Amino acid sequence: MPFGYASPEQIMRDKADYARKGIARGRSVVVLQYEDGILFVAPNPSRALHKISEIYDRIGFAAVGRYNEFEALRLGGIRYADINGYTYDRTDVTARGLANLYAQNLGQIFTESIKSMEVEVVVAEVGDTPEADAIYRLTFDGSVFDEHGTAAMGGQAEAVATRLKERYRDGMGLAEALETALTALTEPGGERPPAGQLEVAVLDRNRPHRKFLRLAGPRLERLLAEGAAASAAPAAETAEAAPGTGDSPATAPEGDIDTGSGA
Amino acid sequence: MASHRDLPAGMVNHLFTNTGNSSFTEFVGSYAPELLPGRNDTLATPVGDRIPHATTIVAATCAGGVVMAGDRRATSGNIISQRDIEKVFRTDDYSCMGIAGAASTGIEMARLYRVELEHYEKMEGRTLSVAGKANRLATMIRGNLAMAMQGLVVVPLFAAYDPEVDGGRIFGYDVGGGPYEQYQHHAIGSGSIFARGALKKLYREGASPEDTVLTLIQALYDAADDDSATGGPDVTRRIWPVVAVITADGFRRLSDEEVAQYVRTTVDGRMNNPDGPVAPLR
């Protein structure tokens, strides 16, 4: 603990500022519902260090911030899910339980450690119907937000969330949802990351056993082309109405934290 | 209150303690050892025939994969304790296991093994090699050795699609562990000697998955024909063997309707020829 006197308000504010700064250095991640389940999209140049991951049959995980910290949360989450599914039944593992576990840990660390965790995570669970889907967003201080339809986090989360909410509607197809996510992740007039630098995964309620599936390679490129073609016609009309505000970068500024390479 | 203080980075739960490797079984062993199927306390008397035993499992490789089938009977001594037990389990997208021996321990083991494979895959972001999966199962069987000596014998049969060779592989075990890789085909359980005889005569190298399914159904029929603990197809109750096909497309359990077709072919053939298809002499 720091020497000398500092008011609790000051300590908490400092910790929160520190965490926010760390998180804002990374790029954004978006999570949104589509007709068959839940879609995760993250610009991520690394093929080895995932920001999106499978936790259990119906549960997916996405995170931004410091890699080693959210990786510890991810591994703990997998242990939690597997031990509960093994103790009881596979259907007894829920995103709500996992979100509570994370909230407890994040909250405890935020209040008791000198340094809070510089992470923000989404825990999403796909149900049998779109109404049964659940998306929980957790911040560094252990707050839980029950999101409906969409969630955005990371650098420039507010701008991304606003763009996402503008274009989002219920029951979109996968290609359209992916297009919406990329539009939200890209500054107006900015350049989109190529398919090779995107990490995309879905929780597809129509899959048997494990619902989580990574989309990559030709399949992802096909979806991207499909989405771009579908939006080309309406986009051409609005292009002139909304001139690009090219004064800010396409995505959040690059940060060494984002790559997780430890450099 | 401060029990979490010895945990890394203020984590409040041992779930966040790194156990050093990606094995679920080892994690359970340190976190909640009572959940593991192997119990260290010995039984007062051997249970032997008093608990349900699972019987015959057969497996054979086919073109681009492997097929496994199991009958549906469980016996306790001379009693049929269950007519529709399932003994072939999906363990991950490209592998399955069948169990013979003490049904309760076997089912528990299959459940643990499935979590074990998935756990590794999720933690490491890659699937285990087929040899790695087979070795892992051997460790679990070996852990059950003390119980096996008391009558709770479990012997699995493991089959997987191996992308390295673009084909199926089969591994057998004994109560002490293993694995023993088996080529072409293998059978375990009380009816296995009869099933192996049938498999030897009916197995065709590189046959299609469909033909291989029929070969296995025929082998199970022969096992049920001569072994009282193996159940034949139950035509009146419509209970058919469990059949799993694993190819590059992944694990697929055949639906009851599909298996019914193969069973019908087998049973119709046996109406004229009760001993089944005849293998060429030369």
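Couple of notes before you dig in:
- When the residues B:His185, B:His14, A:His50, B:His119 are ordered by accessible surface, computed with a 1.4 Å probe over the protein chains alone, the sequence from largest down reads B:His14, A:His50, B:His185, B:His119.
- A:Asp89 - accessible surface, heavy atoms, 1.4 Å probe, Å² rounded to 10: 70 Å²
- Span-like helix ranges in chain B, DSSP H, alpha carbon extent 18 angstrom or more, Kyte mean at least -0.5: B:130-143, B:209-226
- Where the Cα pairs of chain B fall when distances are cut into 10 Å bins, in %: 7, 28, 32, 20, 9, 3, 1, 0
- Mean projected area in nm² (Cα convex hull; one quarter of hull surface) for the stretch A:8-227: 12.1 nm²
- Annotation for the B:A interface, with buried accessible surface near 2700 Å², both sides summed [1.4 Å probe; non-protein components not counted].
- Calculated Rg and Dmax of the stretch B:110-216 using C-alpha coordinates, Å: 15.4, 44
- Centroid-to-centroid separation of the stretch A:141-162 and the stretch B:203-223 [C-alpha atoms, Å]: 55 Å
- A Stokes-Einstein calculation at 20 °C with viscosity 1.002 mPa s, built on the Kirkwood radius of the stretch B:200-282 over Cα pairs, returns a diffusion coefficient of 156 µm²/s.
- Near the amide H of B:Gly65, within less than 5 Å, lie the amide hydrogens of B:Gly168, all on another chain or at least 5 residues away, with H placed in the peptide plane.
- Straight-line cross-link partners of A:Lys165 among the aspartates and glutamates, defined as a Cα under 12 Å from its Cα and at least 8 positions apart when in the same chain: A:Glu147.
- For the Cα trace of the protein assembly as shown, dividing Rg by the Kirkwood Rh returns an Rg/Rh value of 1.05.
- Under the convention that each Lys and Arg Cβ holds +1 and each Asp and Glu Cβ holds -1, the size of the dipole of chain A around its Cα centre is about 560 debye.
- Of all accessible heavy-atom area on the protein assembly as shown, the percent that carbon and sulfur account for (1.4 Å): 52 percent
- Normalised per residue, the accessible area of the protein assembly as shown is 46 Å², obtained with a 1.4 Å probe and no contribution from ligands, DNA or RNA.
- The residue list A:Asn100, A:Tyr18, B:Leu145 was ranked by how far each Cα lies along the charge dipole of the protein assembly as shown toward its positive end, using unit charges on Cβ atoms, and B:Leu145 comes out on top.
- FRET efficiency, B:Asp174 to A:Arg96 (Cβ-Cβ, R0 56 Å, nearest 0.05): 0.80
The values are calculated or read from the model by the stated rules, or taken from the named source; none is laboratory data. Not measured: the values here are computed from a predicted model. No Cβ is skipped: glycine too gets one built from the backbone with ideal geometry, and neighbour counts run over all protein chains shown. Just so you know, the surface numbers come from the protein's heavy atoms only, side chains and all, with ligands and any DNA or RNA stripped out. Shrake-Rupley method; radii C 1.70, N 1.55, O 1.52, S 1.80 Å.
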